[in-house]
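For reference, the structure is listed below as structure tokens.
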Amino acid sequence: MNLWNWLALGGAAVMALTIVAEIRRHTRTSVAGRRFFRHPTATPGLFVLAFFVTVALAAPLVAPYRPYQQIDIDRLADHAPSTRFLLGTDPYSRDVWSRLVYGARISLGIGALAMVVAVTIGAAVGAVAGYLRRWVDPALMRLVDIGLAMPRMFAMLVVVALWEHLAVPVFVLLIGLTGWFATSRLVRAEVLSLREREFVSAARALGAGTGRVIFRHVLPNAAAPIIVSAALGIGNVMLLEAGLSFLGLGVPSPVPSWGNMIADGWHKMAVAWWSSTFPGLAISLVVMALNAVGDALRDALDPRREAA
Amino acid sequence: MTEPLLRVRDLQTYFVTEHGSGTARAVDGVSFEVQPGETLGIVGESGCGKTVTSLSILRLIPEPPGHIRPGSFIEFEGRNLLTLKPRELRAIRGNQIAMIFQEPMTSLNPVFTVGDQIAEAAIVHQRLSRRAARTRAIEMLRLVGIPDPEERVDHYPHQMSGGMRQRVMIAMALVCHPKLLIADEPTTALDVTIQAQILELLDRLQAELGMAVMLITHDLGVVAGSADRVVVMYAGQVVEQAPTPALFARPLHPYTEGLLASVPRLDAPPAREHGRLHGIPGQVPAATAWPDGCRFHPRCPYAWDRCRAEAPPLLDAGGGGDPGTHTVRCWLLTDPRRRTPHS
């Protein structure tokens, strides 16, 4: 770590604080915003997320080494954390901190993108099923039942095992395609009540077609459960990605993801605990932050569930 | 008489009830006409089929459980609305025929600005650009008498009062200058002073835009002030139909008579029952089991054997003008001497 890296890291922390403060300032006028920040874990959770996102975006500034660079395989493998190697080096003499920083791009990116895929499909399916009813609803919901009954990890394992050298975008798509079932149920439940509201009749009376009514008039009203399920879902997706990568079936080495970083270091746990422990901590920290923010969002956007 | 704008013939809208307790005949053989530019009042108490009639015209009845029976006929400008394809129907909804709903609190979408909602119909039907639609929305807000339309256009429904929201609803409905406006209890949810303002606004807009209005209400006061003609509905049927002055001067159906007698009056001292308000005894029967014979007979002070056995058709009451100007579904017309209540 040189001076520049430290400055960039400090900058990232300041940036994260600023982001949190700005969000707080902009939402203070709304009831939901105040309720969100009243949640004790909301602010630290948001800070952790903002920090990791900033660091991931600024990876080249914050990381002293390139993530694939084997610095000195003879003398600097399993080097303990020091001022030069902040979090030590792994068994291949790569800087753990640098890999962690670049790995944040992969792990957070996969989590976010897969969740976007899952939420988009889930919201669309749920809205269509809930609004159209008739035969569409039971047909789609039985499909969802099957999806929910499927052990996701094993289904993914099968696909990944059958398909060698899986490209990362395909991997993301796979996670997304297996992750929309719960969201679609939530959205359907919400739409079932929304479709009876008078503004839906009003929209139809104005001449809006079915598609327009579903996606323009009804779905925006179901934003709260969608946002909450997305926030809580990213954590799950990140754990799934980490699990698969740890098994060597997710993101292929040497591309750093937090999951395969744990895998790279775990057989040396006894002598060099740092190369698995720090990515593990990073995963835990981010998933906890996501859950904290998700919980706070749920309390803020969905006051009916507060009592439950 | 000119060609009517809307002609409803023998409309039957039934609902299949969920527990198999039969079919609710919510609207059961309703016929009426709306002339271009006139205001037709449709009056009746809750559950008489007013709202189902209006929803049937735009084919907004939820199907299932509801369905419009074959043999029904709704003609708008010579086209049968019941046989139109969904696309053709959408081209009429909001464009030629528009509707205002009862509850301004729930009929506006809470997540969009009122400007977006007013512009919606213009975007759907006239393919206006967003910018042009916004300008149109501001014009419409000004037209319905909302102050500071440039600012209000970006407000959300929850930032407005009930009266203002109903004005917004009217603006939404009128944005494409429809030929027929169906107003379903437009003032029921509002307090009396606002109610008067909204009715005045509707009258003014009707004159300016030359549209016909179907004013659905349970409030005879509303009808007296604005309607040219009145259709009185009871138990899914039209029971009396007349020009407004004739109806108020000479109500012929005992139900109409009862409704008029139930209106509290400030000018006349309460005549009956020690100053208590008059009411029609009993309540509207369930739509799954209309009474045999005349549907009003269980509540009618004049009912006799014939009323219990035989359902009366709509009879012409004459009273000047063309035949069919004033029609009544009551056997009393054939036997006027019985118009003296026993008990």
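Values quoted throughout were computed directly from the atomic coordinates according to the rules given, and no laboratory measurement underlies them. What you see is a predicted model; the values in this text were computed from it and never measured. In this analysis, Cβ positions are derived from the backbone assuming ideal geometry, glycine residues included, and neighbour counts consider all displayed protein chains.
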So the angle from the long Cα axis of helix B:192-209 to the longest Cα principal axis of chain B, reported in degrees to the nearest 10, equals 70 degrees
From the Cα centre of the stretch A:223-273 to that of the stretch B:1-33, the distance in Å is 62 Å
Mean Cβ-within-10 Å packing, highest first, puts peptides A:179-187, A:112-120, B:322-330, B:151-159 in the order A:179-187, A:112-120, B:322-330, B:151-159
Among GluC sites (Glu not before Pro) in the stretch A:165-222, those in a DSSP loop whose Cβ has at most 14 other Cβ atoms within 10 Å are A:E196
At 25 °C in a medium of viscosity 0.890 mPa s, chain A has a Stokes-Einstein diffusion coefficient, with Rh taken as the Kirkwood radius over alpha carbon pairs, in µm² per second, of 115 µm²/s
Residues whose built amide H sits under 5 Å from the amide H of B:Y234, excluding neighbours closer than 5 in sequence, are B:V239
Mean per-residue count of partner chain Cβ within 10 Å for B:240-249 equals 0
With 0.36 nm assigned to each residue of separation and the Cα-Cα distance removed, B:R131 to B:D191 gains 18.1 nm
Ratio for the stretch B:117-179, C-alpha Rg to 2.2 N^0.38 Å, reads 1.02
If N is the residue count of the protein assembly as shown, its Cα Rg over 2.2 N^0.38 Å rounds to 1.32
Amide H contacts under 5 Å for B:G41, restricted to residues at least 5 apart in sequence or on another chain and with H modeled in the peptide plane, are B:L215, B:D228, B:R229, B:V230, B:V231
Under the helix-only model (-39500 (n - 2.57) for each DSSP H run of 4 or more, divided by the residues of the protein assembly as shown), the mean residue ellipticity at 222 nm, to 500 deg cm²/dmol, is -15000 deg cm²/dmol
Scoring chain B by relative contact order with C-alpha pairs under 8 Å, at least six apart, yields a percentage of 19 percent
Percent of all Cα-Cα pairs per 5 Å bin for the stretch B:164-256, counting from 0 up to the last occupied bin, reads 3, 12, 24, 22, 18, 13, 7, 2, 0
Classified through the alpha carbon gyration tensor (a ≥ b ≥ c as square roots of its eigenvalues; rounded if a/c is under 1.5, else prolate when a/b is larger than b/c, else oblate), the stretch B:12-158 comes out prolate
Rounded to the nearest 0.05, FRET efficiency between B:H177 and A:W163 (Cβ-Cβ, R0 60 Å) equals 0.50
Going residue by residue through the stretch A:158-166, the Karplus relation 6.51 cos²θ - 1.76 cosθ + 1.60 with θ = phi - 60° gives ³J(HN,Hα) values, rounded to whole Hz and with x marking Gly or Pro, of 4, 4, 5, 5, 6, 10, 6, 6, 5
Loop-resident chymotrypsin sites (Phe, Trp or Tyr not before Pro) in the stretch A:1-80 with no more than 16 other Cβ atoms inside 10 Å, DSSP not H/G/I/E/B, are A:Y68
A chain fully extended from B:S262 to B:T83 at 0.36 nm per residue, minus the present Cα-Cα distance, gains in nm 60.3 nm
For B:L315, other-chain or 5+-apart residues with amide H closer than 5 Å (H placed, Pro excluded) are B:V328, B:R329, B:C330
Taking a crude spin-label model, label points 7 Å out from Cα along the C-beta direction, the A:K268 to B:Q283 distance in nm is 8.2 nm
A correct Karplus calculation of ³J(HN,Hα) over the stretch B:289-303, with 6.51 cos²θ - 1.76 cosθ + 1.60, θ = phi - 60°, whole Hz and x for Gly and Pro, returns 9, 5, x, 5, x, 5, 5, 9, 4, x, 10, 8, x, 9, 4
Check: C-alpha center the stretch A:132-182 vs C-alpha center the stretch A:1-72, spacing in Å is 32 Å
For the stretch B:32-187, averaging the sequence separation of alpha carbon pairs under 8 Å that lie six or more residues apart and dividing by its residue count, the contact order in percent is 30 percent
Here the stretch B:40-56 yields Karplus 3J(HN,Hα) values (6.51, -1.76, 1.60; θ = phi - 60°; whole Hz; Gly and Pro given as x) of 9, x, 10, 10, x, 7, 4, x, 8, x, 4, 5, 4, 4, 5, 5, 5
Counted neighbours (other Cβ, 10 Å), sorted fewest up, put A:T18, B:T217 in the order A:T18, B:T217
Here FRET efficiency (C-beta to C-beta, A:A189 to B:M105, R₀ 25 Å, nearest 0.05) is 0.60
Here Rg/Rh (Cα, Kirkwood) for chain B equals 0.99
So the FRET efficiency between A:T41 and B:S46, C-beta based with R0 = 51 Å and rounded to 0.05, is 0.50
Simple spin-label estimate for A:R133/A:A155, 7 Å along Cα→Cβ, in nm, reads 2.9 nm
Ranked output for segments A:143-155, B:192-204, B:163-175, A:235-247 by mean other Cβ atoms within 10 Å, highest leading, reads B:163-175, A:235-247, B:192-204, A:143-155
Square roots of five times the C-alpha gyration tensor eigenvalues of the stretch A:57-189, ordered largest first and given in whole Å, equal 43, 16, 10
